[in-house]
Amino acid sequence: LPACLPTTACPACSWYQLGIYYPFFRGHAHLETQRREPWLFGEDTTRRIREAIRGRYALLPYIYTLFRHTNQTGVPLMRPLWFDFPEQTRLYGVEEEFLLGPAILVKPVVQAGAKSVDVTLPEGGVWYEALGGAAFPGKAGKPLATAVHMDAIPVFYRGGHIVPRRDRPRRSTAAMAHDPFTLVVALDADGKAVGDLYLDDGRSFAFAKGQYLHRRFIFEHGVLTCDAMPQPTSTPPGTLASKLLIERIILLGLPTEKAYTARSTGSKTHAVISGAGVDVRLAKGSALVVRAVNLPLAADWSLRVVEGAAPVAAE
């Protein structure tokens, strides 16, 4: 976070909310800058900055997986919109938005006091607002006017992708090492999505000798599957043992007015909550949530979502 910016509550919130989506995230200062600790701006600002930092911790599984792809292919984590949509020439001049990996679009709020911003969504796909899960189509030449509020900057999940998260608040990555994962499944127009999750010990180069776990997730025809992520021929197969679990599935793109249930490998049935939020701070939204699935990350499994169950009200 830049040291040269004004140290007032509004810019401080916005820069923390933006910085959590950068590959490298920390507050920066030097001897001649004004103090800028999060607790100096009042309780509301401190709360918002705390929530932003928690959001960074939640996204670390996705960010770490992106670093694995960068290690293997050189593809950058943070990139302009045209990087993933080179055929859409109108995106060449969009310089105030970026993608974090292929699945998350971020719109910074750089104007103090702004009430709304125009978000350019690449056309031909579906984009889901990251707090509540409302769906928006990308339209050529028609930016999406988005209201700005102090609790978050505009962020969207891209339809067709699956984002792994860890949603339990912790004080450090060491404290969350055994926590289960949440999968955000953002469906495209065909009801499909793909994603992956990479783990290693986080400390050594043992991954180069196969001490890693890399799992693939595919959702199609109403079924979410987990299996081994294919690796380049020069990469040794992953042999890292793990007892970690997938605890929760968040589905974006299915009608929330319908009732659903989910059945996983072994015919175990799971209730589906309709009309829930995507972000843990938001109780109601446009998502379906399958709780307590507790499926092993290191094993192959499937989970089928079917219509017809009695709905469960969101808390």
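Restricted to the range 21-45, and to residues that are at pLDDT 90 or above and open to solvent by less than 70 Å² (accessible area, probe 1.4 Å), which residue is nearest to the chain's Cα centre (by Cα)? Give the steps one after another, and end with the answer.
Let us first name the residues in the range 21-45 that are at pLDDT 90 or above, namely 21-24.
After this cut, where a residue has to be open to solvent by less than 70 Å² (accessible area, probe 1.4 Å) as well, the list is 21, 23.
Details: TYR21: 10, PRO23: 14 Å.
Restricting to residues being at pLDDT 90 or above and open to solvent by less than 70 Å² (accessible area, probe 1.4 Å), the top hit is TYR21.
Could you tell me which residue of the range 47-63 is least open to solvent (accessible area, probe 1.4 Å), considering only residues that are of a type in the set (Val, Ile, Thr) and closer than 16 Å to ARG171 by Cα? So the residue we want is ILE49. Scanning the range 126-136 for residues that are open to solvent by 30 Å² or more (accessible area, probe 1.4 Å) and either acidic (Asp, Glu) or part of a loop (DSSP other than H, G, I, E, B) (or both) yields GLU129, LEU131, ALA134. Filtering LEU18, LEU66 for residues that are crowded, with 17+ Cβ neighbours inside 10 Å, at pLDDT 95 or above and not charged (D, E, K, R) leaves a single hit, LEU66. Being open to solvent by 10 Å² or more (accessible area, probe 1.4 Å), out of contact with any helix residue (DSSP H, G or I) (no Cβ under 9 Å at 6 or more places or on another chain), acidic (Asp, Glu) and not in a strand (DSSP E or B) holds for only one residue in ASP118, ASP227, ASP188, and it is ASP188.
The residues of the range 137-175 that are touching a Phe, Trp or Tyr at 6+ places or on another chain (Cβ under 7 Å), modelled with pLDDT under 95 and either under 25 Å from ALA193 (Cα atoms) or of a type in the set (Asp, Glu) (or both), listed by number, are GLY138, LEU144. Looking across LEU303, LEU288, one residue alone is assigned to a strand (DSSP E or B), at pLDDT 95 or above and either touching a strand residue (DSSP E or B) at 6+ places or on another chain (Cβ under 8 Å) or on the phi > 0 side of the Ramachandran plot (or both). It is LEU303.
The values are calculated or read from the model by the stated rules, or taken from the named source; none is laboratory data. None of these values were measured; they are calculated from a predicted model. Reconstructed Cβ throughout: ideal geometry from the backbone, glycine too, with neighbour counts over all protein chains shown. We work out accessible area using only protein heavy atoms, side chains counted, and drop any ligands, DNA or RNA first. Shrake-Rupley method; radii C 1.70, N 1.55, O 1.52, S 1.80 Å.
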